[in-house]
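Everything below concerns the one structure shown next.
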Amino acid sequence: MIGVGVADAIIEPIHSNVTRLGLVMTSNSELREMSDEQLEATAAEAARELFQLRFQSQSERLNTPSDIRKNRRLIARIKTIQTERSKAAEANSTPA
């Protein structure tokens, strides 16, 4: 390919709700529709990506530094939903 530099060949267009490693940033309503297992898997995937982003941020320049914040917030939203569900289950199992 004539006239195309290395940087041009590496850059791929990414949809605004998809992070660099392919994790789709979901809305709160989509997260609430997920099962507990799906939430666990999404949280684990986000934690792995957050680790990789933090590692990359220390070793080189990030293309999108906001991905770190987005992943932290995604993990926080998932943990909030999990806490709400566990408290609701606890309230339902305890007789009043």
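The figures follow:
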| item | result |
| --- | --- |
| Integer Hz, Karplus 6.51/-1.76/1.60 couplings in order for segment 37-49, x for Gly and Pro | 5, 5, 5, 4, 5, 5, 5, 5, 5, 5, 5, 4, 5 |
| Under Karplus coefficients 6.51, -1.76 and 1.60, residue-wise ³J(HN,Hα) of segment 58-66 in Hz, glycine/proline x | 7, 9, 7, 7, 7, 6, 10, x, 5 |
| Per-peptide average of other Cβ atoms within 10 Å, ordering 28-34, 74-80, 38-44 highest first | 74-80, 38-44, 28-34 |
| Segment Asn92-Glu37, extension gain: residue separation times 0.36 nm, minus the distance between their alpha carbons | 17.7 nm |
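Throughout, read-outs are computed from the coordinates displayed, never taken from laboratory work. Fair warning: this is a prediction, and the values are worked out from it, not measured in the lab. Virtual Cβ from ideal backbone geometry, glycine too; neighbours counted across all protein chains shown.
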